[in-house]
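The values are calculated or read from the model by the stated rules, or taken from the named source; none is laboratory data. What you see is a predicted model; the values in this text were computed from it and never measured. Here Cβ is always computed from backbone atoms with ideal geometry, including for glycine, and neighbour counts include all displayed protein chains.
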C-alpha cells in the first residue's frame, strides 16, 4: 500500500512535458500525497476507496527533451488489493468485481502528453492514458492542474470519472441485490512534489 501514491505520481510525471531548448534531466520527490482515492455512490450509502498508508519518499528521474516529449512512457501497475474502501465487506465486493484473483493489477500506460506545459505558472492540461481494468483496455483523458508552490515544489491535482460498464463489469451488488453501487466512480488526486534539475 505504501507504493500506491508514488506509482500514481510516476505516471503523471512521465506524462508531462516542459518547454525547453535543451535536454534536461530532473529528479522528482513526492513530498505528500494529500489525496488519492476513488469515490463511489450506491442506492444506500456513499463510499471512498483510498490508499491509507504513509506516502513514499522514493525519488525518480525523468528526462525532458526539446521536442517536448519524454523519452519513454513506462507501464504502471496498481495492485487491486491495495484499495481500502473502509470495510471488509466493501473491499471484498470491489475486489470480486475487479476480478482481483485473475487480474491483480490495474495497468496504466500514458500515450500522449502536454504539448505546451510550463512549471513557471499555474497550468491546466490533459493526459491521455491507456487504462486496463479486469483485462479490458480503454483510452482515458485525465485533466490535471499544476500549481507552483515555490522552492521547486509543485502541487498536482486532478479528477476523472471512471465507469464499471465501460470496462465490461457490472457494478458491485450486496445483500442479494438490495445494495447496488452506481456505475460511475470519481478518481481524485492531490499530490505535492519537488523537482530538482540534475
Original post:
What strands (runs of 3 or more DSSP E) completely inside region 93-198 contain at least 1 residues that are at pLDDT below 80 and in contact with a strand residue (DSSP E or B) (Cβ under 9 Å, 6 or more places away or on another chain)?
Top reply: 105-112, 123-133, 179-197
**OP:** Tell me which of these residue 70 doesn't satisfy, since it passes every other one: (1) at pLDDT 70 or above; (2) buried (at least 18 other Cβ atoms within 10 Å of the Cβ); (3) assigned to a loop (DSSP other than H, G, I, E, B).
**Re:** (1)
**OP:** Tell me, please, whether a residue that is under 19 Å from residue 90 (Cβ atoms), surrounded by 15 or more Cβ atoms within 10 Å (Cβ to Cβ) and touching a helix residue (DSSP H, G or I) at 6+ places or on another chain (Cβ under 8 Å) can be found in region 153-169.
**Re:** yes
